[in-house]
Amino acid sequence: MPVNTQAALVALRGLPLILRLSGSPKLKMLLTILPAVFKYASLLLLLLNIRSVPLAWHARVFRPLVALQWRYYWLRLRIIFKSRKQKELAVGQWFEELLPVGLSPFDSLLSYKTRATLDDSDFNGHLSNSSYAKTYDLARMKTALAYFPSFFRVGGWIALGATHYHFLREIPLLHNYEVRLRVGSWDQKWFYVVARFVTHSKPKKSHSKASIEGKIRDGTPPTDDSLSAGSTFHASLRTPADGLETPAPTTPSGVPPSDISAADAMKAIAAAQMVTEEPDGATVNCIAVSELCFKHGRITVPPSIVLASSGFSSPSPEGEMPYSHANPPPHWAEARKLVAPRASKEYVKFLRGGWRDVPEAERWWVDALSGSVEERRKVHVEEGGAMGALRKGMQGAGSV
């Protein structure tokens, strides 16, 4: 008998059994439930990874921009029946309130709060290394819009030159964490931002919510000496893996600051950030330093111009009222003429090289960031400082 005929007879003998099973109530129930189980399992999987679906990252990055646009449209709707002059005044006042007028760059602090979700974590149940960069993008966008809305309004943008990470302690799965950003320093081209990824333990009874928020807002920045790569740091890092204290990195005696490697510079920055405990007792999990560049088209704009035109300035003299919108710094009278909505063309021309035509004695952006701010900037960005050593170390790594 041919093989195919024999196989057909075997199949026919099993047909009555299949027919009997197909009429079984249990099998019918199973066949009814399976599509529903598959559907809800797929939906659950989608929800667990919702932040990683196509275009989710773009939606999260541009969410602050969309929110700002809606606030602007709501303002225009509220003043729709006012005169043209009243509209200009209202828009100008609303826009000026967005700017950090009178704030010292080194006293600024913005945070981005999120959670280590399943799609952002690795097989060890910790936030994956790549997710730090993804979250840092979101935090930088929020900070850029908060600090430099006038620069973005006229078509400016910020290019990312490099980012350096120093991982100190893992962030567990489903744990809340926060990215806190501070201005590190700047030179004629590069603008440095230092970010700390921190997690919170259960708050102590002695700390009230109001006092914690006040301490974060008024936290004292690291001292200039602690940010110098040539300094010796008295800090210790504790990891949950072994519970042992790791001594902080120190600069070898006799080694010039200019010869410090990029790794040593990152360790120096991390140690400097750990010298002073976070005001609210938060644990520092990672330190990241970004090199940014302000651009208008293909033209590079010096960071000091963007900072000063956004309202940043040196602190007010001792004994006087702190600078603010109500008590603006002296340079703000000149900066306001450029950042006003009706002066967009003049501001663009100024950013794209018009600032070079201003006599040195009349360069208000230099005066705005003089004094203690300029001293701290130099300490941080020179070769002996943390930012300068990091940059020099990475440039040297390119020749390896």
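The values are calculated or read from the model by the stated rules, or taken from the named source; none is laboratory data. Every value quoted in this text rests on a predicted model; they were computed, and no experiment measured them. Note: ideal-geometry Cβ built from the backbone for every residue, glycine included; neighbour counts use all protein chains shown. Just so you know, the surface numbers come from the protein's heavy atoms only, side chains and all, with ligands and any DNA or RNA stripped out. Shrake-Rupley method; radii C 1.70, N 1.55, O 1.52, S 1.80 Å.
How much accessible area does THR199 have with a 1.4 Å probe, in Å² rounded to the nearest 10?
Its heavy atoms expose roughly 20 Å² to the probe.
Measure off 7 Å from each Cα along the Cα-to-Cβ vector at LYS82 and ALA41, then give the distance between these two points in nanometres to one decimal.
With each label placed 7 Å out from Cα toward Cβ, I get 5.9 nm.
All other residues with a Cβ under 9 Å from the Cβ of TRP190 taken together, and with Lys, Arg as +1 and Asp, Glu as -1, what is their net charge?
0
To the nearest 20 Debye, how big is the dipole of segment 23-118 about its Cα centre, given +1 on the beta carbon of each Lys and Arg and -1 on that of each Asp and Glu?
500
Please arrange LEU338, LEU160 by accessible surface area, largest first, computed with a 1.4 Å probe and ligands excluded.
My answer, sorted largest first, is LEU160, LEU338.
Return the distance in nm (one decimal) between the two label points of a simple spin-label model at LYS337 and VAL61, each offset 7 Å from Cα along Cα→Cβ.
Placing both labels 7 Å beyond Cα along the Cβ direction yields 3.7 nm.
Which entries in the list LYS337/LYS392; LYS113/LYS337; LYS142/LYS345; LYS82/LYS134; LYS134/LYS349 go over 32 Å, if you measure between the two C-alpha atoms of each?
The answer is LYS337/LYS392; LYS113/LYS337; LYS82/LYS134; LYS134/LYS349.
I'd like the accessible area for ARG153: 1.4 Å probe, protein heavy atoms, all chains in place, Å² to the nearest 10.
80
Only Lys, Arg, Asp and Glu count, each charged at its Cβ (+1, +1, -1, -1), so figure out the dipole size of segment 94-172 about its Cα centre, rounded to 20 debye.
Dipole about the Cα centre, nearest 20: 20 debye.
In Å, what Kirkwood hydrodynamic radius results for segment 279-400 from the alpha-carbon pair distances?
Kirkwood hydrodynamic radius for segment 279-400: 17.1 Å.
Taking the dipole about the Cα centre of segment 29-124, with the C-beta of Lys and Arg at +1 and of Asp and Glu at -1, give me whichever of PHE62, THR117, LEU98 is farthest to the positive side.
So the residue furthest toward the plus end is LEU98.
Rolling a 1.4 angstrom probe over the protein chains, ignoring ligands and nucleic acids, what is the accessible area of LYS349 in square angstrom, nearest 10?
My reading of the accessible area for LYS349 is about 150 Å².
Round to the nearest 0.05 the FRET efficiency obtained for LEU160 and LEU34 when R0 = 51 Å and r is the Cβ-Cβ distance.
0.60
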